[in-house]
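Okay, so here's the structure we're looking at.
The values are calculated or read from the model by the stated rules, or taken from the named source; none is laboratory data. Keep in mind that what you see is a predicted model, and the values were worked out from it rather than measured. No Cβ is skipped: glycine too gets one built from the backbone with ideal geometry, and neighbour counts run over all protein chains shown.
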Amino acid sequence: MKIVTMGLGYIGLPTSLMFANHGVEVVGVDVSEETVDQLNQGIVPIEEPGVQDFLQTALEIKQFQASLVPDYADAFIIAVPTPNIEDQYGSCDLQYVKRALQSILPYVRFGNTIVIESTIAPRTMDDVVAPFFEEAGFEIGSNLFLVHCPERVLPGKILHELIFNDRIIGGITPACTKKGQILYQTFVQGELLGTEAKTAELSKLMENTYRDVNIALANELVQIGTKLKINALEVIRLANRHPRVNIHQPGPGVGGHCLAVDPYFIVAAAPKEAELIYKSRQINSSMPQFILNQVVRMMEMNKGTKLTILGQAYKGNIDDIRESPAVQITKQLKLLTDYQIAVYDPHVQKENADTLKQAFEGSDLALILCDHDEFKKISIENIQLMKTRIAFDTKNILSNRTDFDKYYTLGNIFQFEPTNKREMRLPF
Ligand code: SAJ
């Protein structure tokens, strides 16, 4: 079997290599010449455990080749970005999917299977993808098979989850679903759950929306706890001891290209009905500003001048900064304040202070925005370099450390609430 994958990013590349390592000939296509060259030389441009070894093997056994142009194949898998359009509700931007469809069209033959893995708005397969191929003369379900098989892997664990997660396989017709199941049987050990394309689309969106709404609940609880002077983290810990309760963790906001993006596709498709989903997005999007306010209060109360920011990635142990609340908070702090700001993220080198030591030297506040493992092991020597040993740990990863004189989390920030706000010179 031969497949062509369109898009060699966080999903397309591991998926391509997974097929290649399971006996399928793969041509991976990307619009970036640099990515294509790097991959053909054996260099993986993303940080994801295990992918480098998979590429090495795939190249050695000559089952994978990166290319700027597609080729003839048995199946085509599209894994390109689907960002939000900057319209009223952030609807799904299909331009890259449409471009990928245009570029494979000359290579598509009778009997082929076309899979969209990219996250798409509900009804896209029925209303956009199927008509596109019908206009080109194909009959869906009889001489061409269209499937939506949404990816559901967690960055940092992609290779493991590709194999072991259950997959939703949504065909335009039952014959399409069957073709999709046969394709993914190649390596998936989880169940291949067959359904209709539109149901698969909305199921995928609801997975991330469920998480986003649940995180919004935790973030709202932080704001409630701060007002009422009750530790929200302790409330979550205790409530989650109920066998049917699982409140997620609050944080500086929700980042990444999934949770912060996908719920809007539902809102845009049914704005009047998706009220809770929209409100949750608003709550999560307000968290960077909430953190910013707390940081400025802390700095002002302590007459601080230097701030150490730990973490820029959107979550721990990855190098991805897409929609990262940490980046947003850092930008705003640089724009609105005149503190000396030292940023350190071992996974994101850009704009780093040279060393962790330099980031800590003379600092008045350590602001933790990301739960990288490296931060959990920060040495006491580094902390001792601070002028004022205060931590604001928005990810609650250092609560077992006693090296800071004052240690704040999203549970106990009310403890530093100033009594006289007029004394402070808040920049906003
Ligand atoms: N976050 C919290 N509190 C939590 C959990 C996460 O604030 O309790 C934040 C993280 O710090 C991060 C954001 O949410 O900023 C998203 O992180 P995540 O780990 O929840 O998810 P992603 O975006 O890395 O990956 C998600 C996954 N979806 C689900 O777990 C339902 C993944 O399985 C999907 O494949 C991926 O979205 C996707 O591509 O859709």
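Structural remarks
- Counted residues, the stretch 131-156 - those being closer than 27 Å to P271 by Cα and either buried (at least 21 other Cβ atoms within 10 Å of the Cβ) or touching a helix residue (DSSP H, G or I) at 6+ places or on another chain (Cβ under 8 Å) (or both): 7
- Any hit, the stretch 353-366, residues being surrounded by 17 or more Cβ atoms within 10 Å (Cβ to Cβ), closer than 28 Å to M301 by Cα and within 16 Å of the ligand (Cβ to nearest atom): no
- Residue satisfying condition, being small (G, A, S) and either within 30 Å of G9 (Cα to Cα) or within 8 Å of the ligand (Cβ to nearest atom) (or both), within set A216, A239: A216
- Every residue from the stretch 380-407 that is in contact with a strand residue (DSSP E or B) (Cβ under 8 Å, 6 or more places away or on another chain) and β-branched (V, I, T): I383, T388, I390, T394, I397
- All conditions but one from (1) in a loop (DSSP other than H, G, I, E, B); (2) within 16 Å of the ligand (Cβ to nearest atom); (3) surrounded by fewer than 23 Cβ atoms within 10 Å (Cβ to Cβ) apply to G304; the one that does not is (2).
For every residue, the table says whether it meets (1) β-branched (V, I, T); (2) in contact with a Lys or Arg (Cβ under 7 Å, 6 or more places away or on another chain); (3) at pLDDT 95 or above; (4) assigned by TED's automatic domain parsing to the domain that holds R389.
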position	(1), (2), (3), (4)
N214	no, no, yes, no
N219	no, no, yes, no
R237	no, no, yes, no
R241	no, no, yes, no
H257	no, yes, no, no
D262	no, no, yes, no
F265	no, no, yes, no
A269	no, no, yes, no
V295	yes, no, yes, yes
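- Pick from the stretch 244-264, criterion more than 6 Å from the ligand (Cβ to nearest atom), part of a loop (DSSP other than H, G, I, E, B) and touching a residue at least 24 places away in the same chain (Cβ under 8 Å), ranking: surrounded by the fewest Cβ atoms within 10 Å (Cβ to Cβ): N246
- Looking only at the stretch 369-386, residues that are charged (D, E, K, R) and over 17 Å from T355 (Cα atoms) come to 1 in all.
- Among residues of the stretch 197-241, those that are closer than 30 Å to E117 by Cα, in contact with a helix residue (DSSP H, G or I) (Cβ under 8 Å, 6 or more places away or on another chain) and of a type in the set (S, T, N, Q), counted: 2
- Residue match in the stretch 119-131 (condition: in a helix (DSSP H, G or I) and among the basic types (K, R)): no
- Test for Y314: is it under 24 Å from Y10 (Cα atoms), touching a residue at least 40 places away in the same chain (Cβ under 8 Å) and surrounded by 18 or more Cβ atoms within 10 Å (Cβ to Cβ): yes
- Flag for M18 being within 16 Å of the ligand (Cβ to nearest atom) and closer than 29 Å to F145 by Cα: yes
- The number of residues in the stretch 375-397 being more than 16 Å from the ligand (Cβ to nearest atom) and farther than 19 Å from M287 by Cβ comes to 14.
- Cβ-Cβ distances below 6 Å connect the following pairs, each with a first residue in the stretch 354-372 that is in a loop (DSSP other than H, G, I, E, B) and polar (S, T, N, Q), a second residue that is at pLDDT 95 or above and surrounded by 21 or more Cβ atoms within 10 Å (Cβ to Cβ), and a separation of six or more residues or different chains: S363/T308; S363/M386.
- Residue check, I224 away from the ligand (no atom under 11 Å from the Cβ), farther than 21 Å from L398 by Cβ and either aliphatic (A, V, I, L, M) or in a helix (DSSP H, G or I) (or both): yes
- Subset of the stretch 328-337 (residues that are among the hydrophobic types (A, V, I, L, M, F, W, C) and within 13 Å of M287 (Cα to Cα)): I329
- Among the residues of the stretch 100-126, those that are over 19 Å from the mean Cα position of the chain (by Cα) and either within 19 Å of P271 (Cα to Cα) or touching a residue at least 40 places away in the same chain (Cβ under 8 Å) (or both) comprise A100, S103, I104, Y107, T113, V115, P122, R123, T124, M125, D126.
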